[in-house]
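**Q** Once you've had a glance at the structure underneath, I'll fire off some questions.
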Amino acid sequence: MRHGGYRCSKRKTGAEYEQKAGAYLEEQGYEILEYNYRCRTGEIDIVARDGEYLVFCEVKYRADAGCGRPEEAVDTRKQRRISKCALYYLMRHGLADQACRFDVVSFEGEAVTLYPNAFDYLGG
């Protein structure tokens, strides 16, 4: 039961920071299209539009630097999973020719950092 409570608390914290990230992105001129897009290959925290780009955004939070920088958690494995999910999103919505990019919003304590075009598509 303890583990379940921890998981629920972690998910709630994640959802709070995804909402904060969405508000931050809107301040930067993004249009939020969707939160927590899920498909069989994974999940994308935020799908947004920034000018001509469809943006797939990963949100990471750390209370402090003790566990490393939040953006460091978006490793190659995570990038590949997000890339596959993004491709599925594009195909599912008939957007094969849509210009897109992958951003990361990082929260370290209350400090927020946006990394536009944080990584390239990793297919395969």
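The values are calculated or read from the model by the stated rules, or taken from the named source; none is laboratory data. Keep in mind that what you see is a predicted model, and the values were worked out from it rather than measured. Note that we place each Cβ from the backbone using ideal geometry, even for glycine, and neighbour counts take in every protein chain shown.
Here is a yes/no grid of residues against (1) of a type in the set (K, R); (2) farther than 20 Å from Y121 by Cα; (3) modelled with pLDDT under 90; (4) touching a helix residue (DSSP H, G or I) at 6+ places or on another chain (Cβ under 6 Å):
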site: G4; (1), (2), (3), (4): no, yes, yes, no
site: G14; (1), (2), (3), (4): no, yes, yes, no
site: Y17; (1), (2), (3), (4): no, yes, no, no
site: A21; (1), (2), (3), (4): no, yes, no, no
site: Y24; (1), (2), (3), (4): no, yes, no, no
site: G29; (1), (2), (3), (4): no, yes, no, no
site: C39; (1), (2), (3), (4): no, no, no, yes
site: Y53; (1), (2), (3), (4): no, no, no, no
site: E71; (1), (2), (3), (4): no, no, yes, no
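Per-residue answers, yes or no, for (1) more than 14 Å from the chain's Cα centre (by Cα); (2) under 14 Å from C85 (Cβ atoms); (3) surrounded by 12 or more Cβ atoms within 10 Å (Cβ to Cβ):
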position: A15; (1), (2), (3): no, no, yes
position: G22; (1), (2), (3): no, no, yes
position: E26; (1), (2), (3): yes, no, yes
position: Y30; (1), (2), (3): no, no, yes
position: Y37; (1), (2), (3): no, yes, yes
position: G42; (1), (2), (3): no, yes, yes
position: D45; (1), (2), (3): no, yes, yes
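**Q** Answer yes or no: is there a residue in region 85-103 that is closer than 24 Å to K12 by Cα, in a strand (DSSP E or B) and within 11 Å of the chain's Cα centre (by Cα).
**A** Yes, region 85-103 has at least one match.
**Q** Separate question: Go through (1) in contact with a Leu (Cβ under 9 Å, 6 or more places away or on another chain); (2) modelled with pLDDT under 95 for R62 and report which single condition fails.
**A** Tallying (1) in contact with a Leu (Cβ under 9 Å, 6 or more places away or on another chain); (2) modelled with pLDDT under 95, R62 fails exactly one: (1).
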